[in-house]
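Encoded as structure tokens, the structure appears first; notes follow it.
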Amino acid sequence: MKKILIIFLGLFLVSLNAKVVTTTSTKTATGEGYGITYSEAVDNALAQAVTKLNGAYIKASNSFSQTQLESSADGTNINALFNQKISKATNGRFSSFEVIENTKTEDGFRVVVSIQKTAVSKKYELAGMKNDRRKIIVAPALSPNNFSLLGRDSEQILRDLRFKIESNIHKTRKFDLLDRQAGEALAVERDIILNDANKDEALKLGQNLGTDYILLYTISDVNTINKNYSIIGSGSSSKVSVSINYQVITFATRQIRFADSISLDIKSKDYDSILNDIASTIVLNTQAAIYPPKIEKISNNQAVFTQSLPINTQLECYKKGDKIYDSYTKELNGYEEIFSALVQVTNANAKTSYAKILEGNANKGDICRFKNIGNNSTSNDANGKDIKDITPVQGGGFIF
């Protein structure tokens, strides 16, 4: 059993490796030709067969035979020469032919030939498995007001925040996050591939993905109050009030899919954790707008979600009712929302969250929205853990 498991694991790991895949295909076509001589009949038959495969007109009668050829019943004296001329005329894509019928007529010969076209193609197969994740990029922050946070200026704060946002997006495992910053490094690697690498390496080029969504963000205001909070085991701390504007644009249509302005009150003496709180809030609401939390399973009076949600978060869940149309624009305005349950997240990991059903009757497939967002951290204790007090973000609408 151990050997079987090891072999299976090995095969699985191999499937995750990027590789160059070579595919060879062979097509066959027949052609019929007539001629006073055997070679002329073969010539005309080949022209017809080549035309079928190549999709281009090749002139019959002496297209391939430029010199006087000796006729023979079985074609042994001319097949090799014809093969050479076929290869030259078609850039080597037709490998060989075979005379399958040879009939003497009153005025010459009738010949039927079979010709083969062999094509070899290569492609670079990306590592990993295909998925239906939406693709997203995080654009550089919009021009901010001048502000500072724990000794960092606005330019550095927004640069660091962008990294935090991208990190949190990656952790959701719901998006394919595309890079738009490493242009110089990518250009250097492209030159190496083109000028100093095995030719198969060039198959990696032209694989760039286009994005589905663009996330734009900016911090409009930051206020920091340094204060000595009465927390056991800690000294002075900072209370930070942050105002953030952000929106998600659908690239194909330029439509704004989601937009929000939020204010966060954060108590912390750690610059890194402050930025992570801001980033996680932006990403949580962005994810909810594109992938509304959906109950995937009901197990032991718990609703199971296939995304990470903050502990203690409460969600109102709805089942989809009838379609609702706008009487003015005639557009589909969404679906009737029929309340089904109120749930609260009690446990979560990187890919899955479990929520206790507080009231109602939750069902698989119900779509949920945030009633309030909980907090994964605990209050400061004797061990000196940082306290984080994030003002809950209300709403977080979704589109069925």
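Bear in mind that the values in this text are calculations on the coordinates, not laboratory data. All of these numbers come straight from a predicted model, not from anything done at the bench. Cβ: placed from backbone, ideal geometry, glycine included. Neighbour counts: every protein chain shown.
Near the amide H of Ser96, within less than 5 Å, lie the amide hydrogens of Gln116, all on another chain or at least 5 residues away, with H placed in the peptide plane. Rounded to a whole number of µm²/s, how large is the Stokes-Einstein D of the range 132-289 at 20 °C and 1.002 mPa s, given Rh as the Kirkwood radius over C-alpha pairs? Approximately 120 µm²/s, per Stokes-Einstein. Around the amide H of Asp366, modelled in the peptide plane, lie the amide H atoms of Ile295, all under 5 Å away and 5 or more residues distant in sequence or on another chain. Cross-link reach is defined here as a Cα-Cα straight distance under 15 Å, omitting same-chain residues fewer than 8 places apart; for Lys319 the aspartates and glutamates meeting it are Glu296, Glu336, Glu337, Glu359, Asp366.
Provide the net charge surrounding Ser154, with neighbours chosen by a C-beta distance below 12 Å and charges set as Lys +1, Arg +1, Asp -1, Glu -1. If you can, show how the numbers build up before the last one.
Working: positive: Arg152, Arg159; negative: Asp153, Glu155, Asp160, Asp221.
Around Ser154, the surrounding residues sum to -2.
Residues whose amide H falls under 5 Å from that of Arg134, counting only those 5 or more places apart or on a different chain, are Asp176, with hydrogens built in the peptide plane.
Of the residues Gln287, Leu186, Asn208, the one whose Cα sits farthest towards the positive end of the charge dipole of the range 132-289 is Gln287 (charges of +1 on Lys and Arg Cβ, -1 on Asp and Glu Cβ, taken about the Cα centre).
Of all aspartates and glutamates in the structure, those lying under 17 Å Cα to Cα from Lys19, and not within fewer than 8 positions of it along the same chain, are Glu125, Asp200, Glu201. As a rough guide to protection, the peptides 185-197, 304-316, 213-225 ranked by mean Cβ packing within 10 Å, highest first, stand as 304-316, 213-225, 185-197. Go through Lys135/Lys364; Lys294/Lys371; Lys164/Lys267 and tell me which ones have a Cα-Cα distance over 22 Å in this structure. In this structure, Lys135/Lys364 exceed 22 Å between Cα atoms.
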